[in-house]
Amino acid sequence: MPAERAALYDFRPVTEADLPMIAGWLAEPHVAEWWDDPETEIAQIREHIDSISVEPLIIELDGEPIGYMQSYDPHLEDGHPYSDQPFGTLGIDLSIGRPELVGRGHGSAIVRQFVEQLFEEGAPRVIIDPDPANGRAIRAYEKAGFRAIDRRRSEYGDAVLMAIDAEGDAEEGNA
């Protein structure tokens, strides 16, 4: 079972050549439920390829692309709904694109590994904001060490704001 072995994932920058593959993932029912329509999302991801505020990434397992991830700095976008988070906080979003890999422990393992890399690079906090109805994602993020700190509604929709701090558990004052 993939969740039991220590899977090591690679994260590489998205290129223009990856966009058709990502569009295919965005059309999969388990992804489409939580993201905007593929055409809108692909246009945004294309813009992010050269962005300073968002880093779009392909998640690879054993050299094979399995999903999409992005990390972002909420302080680099005017009026971002999470700019109240501590300076240096980074946000992440991800989707496992390949349906046969969903529900097998990859989500929490990917998040744990990526968050550890962000902490090593100096991020004091990492946030993620699943839709409150996405119980599978919330459980995966809790398994990775995230704790719900707030409920938000913004232009991006309704979200459970979850955080993990470099020191360990989310700060008690924000729980």
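Quick note: the coordinates plus some simple rules give every number you see, no bench work behind them. Keep in mind the model is a prediction, meaning the values are calculated, not measured. Here Cβ is always computed from backbone atoms with ideal geometry, including for glycine, and neighbour counts include all displayed protein chains.
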Conditions (1) within 11 Å of the chain's Cα centre (by Cα); (2) part of a helix (DSSP H, G or I); number of the one not met by Ile138:
(1)
Restricted to the stretch 150-163, and to residues that are over 15 Å from Ile92 (Cβ atoms) and touching a residue at least 24 places away in the same chain (Cβ under 8 Å), which residue is surrounded by the fewest Cβ atoms within 10 Å (Cβ to Cβ)?
Glu155
Do we find that Asp131 is in contact (Cβ under 8 Å) with a residue 24 or more places away in the chain and either within 16 Å of the chain's Cα centre (by Cα) or not in a strand (DSSP E or B) (or both) in this structure?
yes
Could you check the stretch 40-55 and list, in sequence order, the residues that are touching a residue at least 12 places away in the same chain (Cβ under 8 Å) and either within 16 Å of Gly67 (Cα to Cα) or over 15 Å from the mean Cα position of the chain (by Cα) (or both)?
Glu41, Ile42, Ile45, Arg46, Ile49, Ile52, Glu55
Can you pull out every residue in the stretch 91-105 that is surrounded by 14 or more Cβ atoms within 10 Å (Cβ to Cβ) and under 23 Å from Ile42 (Cβ atoms)?
Gly91, Ile92, Asp93, Leu94, Ser95, Ile96, Gly97, Arg98, Leu101, Val102
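Of the residues that sit in the stretch 13-47 and are touching a helix residue (DSSP H, G or I) at 6+ places or on another chain (Cβ under 9 Å) and outside any helix (DSSP H, G or I), which one is surrounded by the fewest Cβ atoms within 10 Å (Cβ to Cβ)?
Looking at residues that are touching a helix residue (DSSP H, G or I) at 6+ places or on another chain (Cβ under 9 Å) and outside any helix (DSSP H, G or I), I get Asp37.
So which residues in the stretch 61-79 are of a type in the set (D, E, K, R) and either in a helix (DSSP H, G or I) or more than 14 Å from the chain's Cα centre (by Cα) (or both)?
Asp62, Glu64, Glu77, Asp78
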